[in-house]
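Read through the structure below, which is laid out as structure tokens, and then see the notes.
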Amino acid sequence: MLIDSHCHLQYKGLVEDQQGVLSRAREAGIGGFLNISTRQREWQDVVATAARESDVWASVGIHPHEADGHADLGAEALIDAAAHPKVIGVGETGLDYYYDHSDRETQQALFRTHIAVARETGLPAIIHTRDAEEDTARIVEEEMGKGAFPALIHCFTASADFARKMLDLGLSISLSGIVTFKNARDLQEVAKGLPEDRLLVETDAPFLAPVPHRGQTCEPAFTADTARFVAGLRDVNEARLADVTTRNFAKLFSKAAL
């Protein structure tokens, strides 16, 4: 069994045929789905899907692109939403300086708010970082100094040095279909060396379809393709990779009670 540790079942491309999407994934051996929110107005629908489907869980959070629109969001709103039995993570949160859709200081402040909620609730912070390695590392290290919190770098595409820093701070790392891309040689080298007990897999569906599905709408079923590729990179069989990543998901997202 594999777990898609990060997908957006409410997004266009999936929500129109959500039951079909889930059925195809289950047939492909995907036994669990973490349905990620990116703005407050999505929380209700994301949680409702998780409440309806026994193998779907939810996160509550604000993507850095949406930070400007949620600058006044306090920790209490996240804490209250996170109390739902099917909410198992806080995020996605983090920093994105590639597009700069939101003010960088606002992104950073909201990132710290999510981390504080992760610390208080014990739910992992699901971290997005793009073109913001230095500030992401600095904030994670500073916040760890205030008290440990569980966290995951999702859709990892950063440098080997950043990976080492995050691993040293106790974080886990999730690989998406990007690792299968022909131009992802550096990422593939990082993926080979990740500690077995910190590795997860995801789709980030409906984005980033892995080889051999490039150009298609990504679906959670494609977790199997990414996992197969990563197993080959790491020279382990697919069953081993599935077992390891599922156990890691269950340990990190312990509220899921797999």
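Every read-out reported here was derived from the displayed coordinates using simple, explicitly stated rules and does not represent laboratory data. As the structure is a prediction and not an experimental result, all values here were calculated from the model. Glycine also receives a Cβ, built like all others from the backbone with ideal geometry; neighbour counts cover every protein chain displayed.
Computed quantities for the displayed model
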read-out: Cβ-based charge dipole, region 1-40, positive-most Cα from Ser37, Gly20, Cys7; value: Ser37
read-out: Cα-based equivalent ellipsoid of region 37-81: semi-axis lengths in Å, sorted from largest, via gyration tensor; value: 21, 11, 7
read-out: Per DSSP, loop trypsin sites (Lys or Arg not before Pro) in region 195-254 with at most 14 further Cβ within 10 Å; value: Arg214
read-out: Inverse of mean 1/r across different Cα pairs in region 28-175, Kirkwood, Å; value: 15.2 Å
read-out: Dipole magnitude of region 43-123 about its Cα centre (Cβ charges: Lys, Arg +1; Asp, Glu -1), debye to nearest 20; value: 300 debye
read-out: Lysines whose Cα lies under 30 Å from that of Lys182, excluding same-chain neighbours fewer than 8 positions away; value: Lys12, Lys165, Lys192
read-out: Distance between region 82-143 and region 9-36 - C-alpha centres, whole angstrom; value: 25 Å
read-out: Mean separation of Cα contacts under 8 Å, 6 or more apart, over the residue count of region 2-256: relative contact order %; value: 20 percent
read-out: Within the chain, longest stretch free of exposed chymotrypsin sites (Phe, Trp or Tyr not before Pro) [DSSP loop, at most 12 other beta carbons within 10 Å]; value: 100-258
read-out: Cα convex hull of region 107-187 - mean projected area over all directions, nm²; value: 5.1 nm²
read-out: Extent along principal axes [Cα atoms of the chain; Å; largest to smallest]; value: 44, 40, 33
read-out: Simple Cβ-charge dipole of the chain, Lys/Arg +1 and Asp/Glu -1, about Cα centre, in debye nearest 20; value: 720 debye
